[in-house]
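Working notes for the structure below.
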Amino acid sequence: MNTIIFRTMAPLIVAIMLVFAVYICLRGHNEPGGGFIGGLIAASAIAILGMANGAEATRRALRFDPLSIAGFGVFIAGLSGLASLFTGSPFMTSIWLYLELGETVVPLSTPMVFDIGVFLVVFGTISAISLGLEADGGEAS
């Protein structure tokens, strides 16, 4: 699918999908959503970009290897569990911090950090798979 309409619309579709993926990820610890579904949406956006521009151009646009992103996500997810050890609580116990910014209170938590780690793992893994398939031309061997 390499039409001029698709190549023209793909960046707009990708931008909307990435913003929506971040929104879904960040609301996940309070409402339905989270890192997994947000990562799937973001990886789908990268797959669309790969179909429009090619796998190599998309890899250059990412600037980081997708598997490195996934590895960093595992590190972040594990790090979120270690924060509870400083409070004398069991591993992966939730810790909440409430920041007051003007008249608004912003809750920050270790579950949110864990969700971000899961987001990066899913995004990196599925992006690597989809870009690998795109580079092979989608042919089965």
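The values are calculated or read from the model by the stated rules, or taken from the named source; none is laboratory data. Just so we're clear, the structure is a prediction, and the values are computed from it rather than from any experiment. All Cβ positions, even for glycine, are placed from backbone atoms using ideal geometry, and neighbour counts span all protein chains on display.
Checked against (1) at pLDDT 95 or above; (2) under 30 Å from TRP96 (Cβ atoms), LEU67 meets all criteria but (2).
In the range 96-141, the qualifying residues are those that are polar (S, T, N, Q) and buried (at least 21 other Cβ atoms within 10 Å of the Cβ), and the one that is nearest to ILE37 (Cα to Cα) is SER127. When restricted to residues that are farther than 15 Å from LEU120 by Cα and touching a helix residue (DSSP H, G or I) at 6+ places or on another chain (Cβ under 8 Å), the range 21-56 contains 11. Only residues that are more than 30 Å from ILE126 (Cβ to Cβ) and exposed (fewer than 11 other Cβ atoms within 10 Å of the Cβ): list them for the range 73-95, please. If the condition is that a residue be more than 30 Å from ILE126 (Cβ to Cβ) and exposed (fewer than 11 other Cβ atoms within 10 Å of the Cβ), then PHE86, THR87, GLY88, PRO90 are the ones that fit. The sole residue among GLY38, GLY54, GLY33 that is free of Cβ contacts under 8 Å to residues at least 12 places away in the same chain and in contact with an Asp or Glu (Cβ under 9 Å, 6 or more places away or on another chain) is GLY33. Could you check, for the range 38-47, whether at least one of its residues is under 14 Å from GLY117 (Cα atoms), at pLDDT 95 or above and surrounded by fewer than 20 Cβ atoms within 10 Å (Cβ to Cβ)? Yes, the range 38-47 contains at least one residue that is under 14 Å from GLY117 (Cα atoms), at pLDDT 95 or above and surrounded by fewer than 20 Cβ atoms within 10 Å (Cβ to Cβ).
Within the range 2-30, residues that are closer than 13 Å to ALA45 by Cβ reach partners that are of a type in the set (S, T, N, Q) with beta carbons closer than 7 Å, at six or more positions or on different chains, in the pairs MET17/SER44. Total residues in the range 1-59 satisfying the condition of being over 13 Å from the mean Cα position of the chain (by Cα), of a type outside the set (A, V, I, L, M, F, W, C) and at negative phi: the figure is 15. None of ARG59, ARG27 is under 15 Å from GLY117 (Cα atoms), charged (D, E, K, R) and surrounded by 15 or more Cβ atoms within 10 Å (Cβ to Cβ) except ARG27. The listed residues are SER84, SER127, SER44, SER89, and the only one of them that is hydroxyl-bearing (Ser, Thr, Tyr) and free of Cβ contacts under 8 Å to residues at least 12 places away in the same chain turns out to be SER89.
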